[in-house]
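Have a look at the structure below, then the notes.
The values are calculated or read from the model by the stated rules, or taken from the named source; none is laboratory data. Please read all numbers here as calculations on a predicted model, not as lab measurements. When we count neighbours, we look across all protein chains shown, and the Cβ atoms used for this are built from the backbone with ideal geometry, even at glycine.
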């Protein structure tokens, strides 16, 4: 990747969009974006009814002062993701809204850019790809602004390695699909914002946007025509990264609020509002970031509350009963359906969780215990025919996911018992090893083999879990030890 190549791409893009002298720096590379794990399909169903998004969400109170990335520097992604979003995340976690204290805890865009930039980018002008920027935050972290100010292109960051690791994130998800309609984009962005933190988007700025001096940006007819052309050619180039701070519904359709990295003379003090439909049309990528787990290296899952319901197509919930004997013998929560079901019964399971957690679901049956199917995260084929994980196992707090998200599972025509194994965790799990141990063992019942397969894992004891008898609903005690809560649900069919 040579600087000359990117310079040519940037020049073509600037000419196409009528762009004035404002720095950008987000490399538009669809393959890079697709390397980020996709967010799991979230549904809005709750046991108490339909969850209604709040009419307004704002993280502006936690935002550090807007800064100017400077002419020529391609650092907008480092500002949007590192300086704005990561600082807001820190301020939110400390419930800090004092501007002076937020300034003191702000993070360095210099560190993120220098760690994620291409080796050939000696003058910090090329910009960043989304997957490399996200990878740095996840694996290496970031350091405060105070010891590593801006600009400081090419400065050595080796001495900050241990300090940066203290500020890593758990994961970054891509939340938009390329074929999403504007209404779908709006819904996904609002849902992500309602889950606790800002999001970062790619934005195609036009001349009217770069010269904005008011609180609301409204694209002109020429802008609308230019974005149609830009999206139609689907060529790579650069765009501008913005940090979306929130949204506000109103009778005219509502708008998103963003903070920019062009200083406080742009927009209204460095901020502006963009109507829902306009941001959706001018945005192709969107990133949602998740904080690291508070328990750190121990990964304790204490305090987690979750529920699982099995819902039959056109017939409502399928009742369950705790199997107290199996729970005591296996050391995991075991539930059984209270009645057998006929083959071709169509159903899905829905999981609700109160906090950020990883979810894995496996399925097998008593007739083919050597075959274990990975249910969640879903596995599917990509464009080249390879089987890949379709989305992340990490669930946002206070959400619900369904398997399958749109269709239903049907019981086969072989009578017997099906087993659904759900694992809640505070860290990513290598379920391949669990599957291997489960399928290669040929001694004892499937319950016993599952117990052996999980023996090496840090399992939370059922005695440290408050659970319901007539529904799969549990909460882990605050002082519980262990990083995984396994739940087994048995369905007998005839």
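Scanning the stretch 237-256 for residues that are more than 23 Å from the chain's Cα centre (by Cα) and surrounded by fewer than 17 Cβ atoms within 10 Å (Cβ to Cβ), which turns out modelled with the highest pLDDT? Checking each candidate, the answer is 249. Only residues that are touching a strand residue (DSSP E or B) at 6+ places or on another chain (Cβ under 8 Å), part of a loop (DSSP other than H, G, I, E, B) and crowded, with 17+ Cβ neighbours inside 10 Å were counted across the stretch 26-44, and they come to 4.
For the stretch 45-59, the candidate set comprises residues that are part of a loop (DSSP other than H, G, I, E, B) and at pLDDT 90 or above; within that set, the residue that is farthest from residue 191 (Cα to Cα) is 59.
Quick grid of which residues meet (1) within 30 Å of residue 289 (Cβ to Cβ); (2) surrounded by fewer than 16 Cβ atoms within 10 Å (Cβ to Cβ); (3) at pLDDT below 95:
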{"residue": "300", "(1), (2), (3)": "yes, no, yes"}
{"residue": "313", "(1), (2), (3)": "no, yes, yes"}
{"residue": "323", "(1), (2), (3)": "no, no, no"}
{"residue": "331", "(1), (2), (3)": "no, no, yes"}
{"residue": "335", "(1), (2), (3)": "no, no, no"}
{"residue": "348", "(1), (2), (3)": "yes, no, yes"}
{"residue": "355", "(1), (2), (3)": "yes, no, yes"}
{"residue": "363", "(1), (2), (3)": "no, no, yes"}
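Of the residues making up the stretch 469-476, one or more are assigned by the TED database to the domain that holds residue 345, out of contact with any helix residue (DSSP H, G or I) (no Cβ under 9 Å at 6 or more places or on another chain), outside any loop (DSSP other than H, G, I, E, B) and closer than 28 Å to residue 370 by Cβ.
Can you spot a residue in the stretch 257-279 that is outside the structural domain of residue 392 (by the TED database) and at pLDDT below 95? Give the derivation first.
So in the stretch 257-279, the residues outside the structural domain of residue 392 (by the TED database) come out as 257-279.
When the remaining residues are screened for being at pLDDT below 95, the result is none.
Looking for residues that are outside the structural domain of residue 392 (by the TED database) and at pLDDT below 95, one finds none in the stretch 257-279, hence no.
Just a yes or no: is a residue in the stretch 211-228 crowded, with 21+ Cβ neighbours inside 10 Å, at pLDDT below 95, touching a strand residue (DSSP E or B) at 6+ places or on another chain (Cβ under 7 Å) and on the phi < 0 side of the Ramachandran plot? No, because not a single residue in the stretch 211-228 is crowded, with 21+ Cβ neighbours inside 10 Å, at pLDDT below 95, touching a strand residue (DSSP E or B) at 6+ places or on another chain (Cβ under 7 Å) and on the phi < 0 side of the Ramachandran plot.
Free of Cβ contacts under 8 Å to residues at least 60 places away in the same chain and buried (at least 24 other Cβ atoms within 10 Å of the Cβ): does that describe residue 84? Here the answer is no, as residue 84 does not meet what is asked.
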